[in-house]
Amino acid sequence: PAVEEAGDASVSPGAGGGVNERRRHAHSAPSAHPGMAAAQGPVAPSSPEQNGAVPSEATKKDQNLKRGNWGNQIEFVLTSVGYAVGLGNVWRFPYLCYRNGGGAFMFPYFIMLIFCGIPLFFMELSFGQFASQGCLGVWRISPMFKGVGYGMMVVSTYIGIYYNVVICIAFYYFFSSMTPVLPWTYCNNPWNTPDCMSVLDNPNITNGSQPPALPGNVSQALNQTLKRTSPSEEYWRLYVLKLSDDIGNFGEVRLPLLGCLGVSWVVVFLCLIRGVKSSGKVVYFTATFPYVVLTILFIRGVTLEGAFTGIMYYLTPQWDKILEAKVWGDAASQIFYSLGCAWGGLITMASYNKFHNNCYRDSVIISITNCATSVYAGFVIFSILGFMANHLGVDVSRVADHGPGLAFVAYPEALTLLPIAPLWSLLFFFMLILLGLGTQFCLLETLVTAIVDEVGNEWILQKKTYVTLGVAVAGFLLGIPLTSQAGIYWLLLMDNYAASFSLVIISCIMCVSIMYIYGHQNYFQDIQMMLGFPPPLFFQICWRFVSPAIIFPLHPDKAQIPMVGSNGSSRLQDSRI
């Protein structure tokens, strides 16, 4: 088509010499579209077998010598798992599940995984792997759509700024847990208010009973019960954040949070100091140890009294809710956002694969692992919340929460009820730190790779460490306002708007541009040349029709931005992190 020819003509001459050479050796694959060839850097030629396997003697040549590759395929899989499995798997999915019909929610959730999640995941991995370019360089196939790459960079920048602030708060709680008694256990601290009531300070409020009332003053006792705030909530609002009364009132920068933010960025930079060569080694720990912690917390949780009630609250199906459109919308949104599609990270990570790597297999493994982790985390969360509800004598819905409310208020309060509470708190927040770092590594690498690939000369390739340092320093400086007394307001505002409807637009345009502008036949031939077999018919249909039809109607709920109550006190609303 004329549009394709125009796109190809815009590519600088000689940019695709490596792939053109490989195409002359790929006897089993038809000639692929030259536009995609132009996006590929120099790669040593090799030919896959018909079944997609690469002969062992050819694997040494199946590398991008200029940009480098993963040390082995396990590093790529672990990095992608760490990228996809983030904080949302722990503190958003379990809440969505119980709110949308418990076990019944699993049905639309896995339907959306099959028809939307895995196909889009495979598309991005194959796109980046074939081109061996970041989220900007891949659009040499059709320069008119390069704005999609810039959109991915903007999204990754926004998320990278505030995501590390969440990690820094987890660092703060981790350090605060290194005490014999957790600081949010009792109400005898200088920051506590008269409304604070701890279940350990006041055993009379457990088992559903009210605080003792003065004779003849029942209404006062009732008001006291209704106004009760937990020590964990006051620790979060009045000590950690020192929350201001309005989003425009920044107040002072919280120096402890600023210090933890610096620690977060230093850790991220050191892990990426040599690009994928260093981060590929770090993920052996950061991507696997959270599962060790989840298992420890799961074993501890299910042995507690009331855990079974919490788990049943999480899983009990309410089949009538399957007929509600909102349930299907939540399932599609959770799949779409939790896998990290349209952020640019998947394209970036896949660009460091060897050319003939079986990214089809990887996409299925990583997507299923991500969703299985979400389900598993639900058992961990609701077993502890069920124990807490049983201890307080209230319904599980009274203690269930999500987002920062779960991570920094509800779950920490539940941990105070356990023997050796500081140990469980250290494990929980260390798990949150590792989950956050796994995603943050890829966000930073996405930006660095896009910049280096765009400039593309030898000098910047040699100075990539300095580019990484510059991006990390810029991220730290831009994150400073989020450590102020109004910082959490801005964090939630960015979370609700930065990675929401923009991702739907980016993903839809990507599907249309690849399938209808570049051409679906060209793309299928490229995949056949790369893998040794064309994409299965199911994926061809999903890419062209089903997946865009599913994601286009998605529009996340209106942002639940911070508001100020009528009494002047601030109320933090729901987060979608």
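So here's what we get for this one:
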| quantity | calculated |
| --- | --- |
| Identity of the residue in the range 467-497, among the small types (G, A, S), buried (at least 16 other Cβ atoms within 10 Å of the Cβ) and in a helix (DSSP H, G or I), that ends up farthest from the chain's Cα centre (by Cα) | G487 |
| Complete set of residues in the range 207-264 that are at pLDDT below 70, among the hydroxyl-bearing types (S, T, Y) and outside any helix (DSSP H, G or I) | S209 |
| Qualifying helices (runs of 4 or more DSSP H) (wholly inside the range 100-184; at least 2 residues being within 19 Å of G438 (Cα to Cα) and open to solvent by less than 10 Å² (accessible area, probe 1.4 Å)) | 118-131, 146-176 |
| Restricting the range 292-314 to residues that are under 27 Å from the mean Cα position of the chain (by Cα) and surrounded by fewer than 16 Cβ atoms within 10 Å (Cβ to Cβ), the residue that is farthest from S397 (Cα to Cα) | V292 |
| Qualifying residue in the range 385-401 (condition: over 30 Å from V266 (Cα atoms), in contact (Cβ under 8 Å) with a residue 12 or more places away in the chain and aromatic (F, W, Y)) | yes |
| Residues of the range 417-462 classified as assigned to a helix (DSSP H, G or I), closer than 28 Å to T373 by Cα and touching a residue at least 24 places away in the same chain (Cβ under 8 Å), total | 26 |
| Check on F430, out of contact with any strand residue (DSSP E or B) (no Cβ under 7 Å at 6 or more places or on another chain), open to solvent by 40 Å² or more (accessible area, probe 1.4 Å), within 30 Å of L120 (Cβ to Cβ) and not acidic (D, E) | no |
| Members of the range 269-283 found to be closer than 17 Å to V81 by Cα and free of Cβ contacts under 8 Å to residues at least 60 places away in the same chain, listed by number | S278 |
| Residue, least open to solvent (accessible area, probe 1.4 Å), within the range 315-372, restricted to residues that are small (G, A, S) and without any contact (Cβ under 8 Å) to a residue 60 or more places away in the chain | A372 |
| Filter result (part of a helix (DSSP H, G or I), more than 18 Å from the chain's Cα centre (by Cα) and at pLDDT below 95) within the range 329-373 | G329 |
| Residue check, M494 in contact with a Cys (Cβ under 9 Å, 6 or more places away or on another chain), touching a residue at least 40 places away in the same chain (Cβ under 8 Å) and farther than 22 Å from L113 by Cβ | no |
| Output for the range 402-416, where each listed residue is outside any loop (DSSP other than H, G, I, E, B) and in contact (Cβ under 8 Å) with a residue 60 or more places away in the chain | P404, G405, L406, A407, F408, V409, A410, P412, E413, L415 |
| Lone unmet requirement of (1) of a type in the set (K, R); (2) open to solvent by less than 40 Å² (accessible area, probe 1.4 Å); (3) on the phi > 0 side of the Ramachandran plot for R254 | (3) |
| Unmet requirement for S547, which otherwise passes all of (1) in contact with a Pro (Cβ under 7 Å, 6 or more places away or on another chain); (2) farther than 13 Å from F122 by Cβ; (3) modelled with pLDDT under 95 | (2) |
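The values are calculated or read from the model by the stated rules, or taken from the named source; none is laboratory data. From a predicted model like this one, the values you see are computed outputs, not experimental measurements. Here the Cβ is made from the backbone with ideal geometry for all residues, glycine too, and neighbour counts use every protein chain on show. Remember, those area values only see protein heavy atoms, side chains included, never the ligands or the DNA or RNA. Shrake-Rupley method; radii C 1.70, N 1.55, O 1.52, S 1.80 Å.
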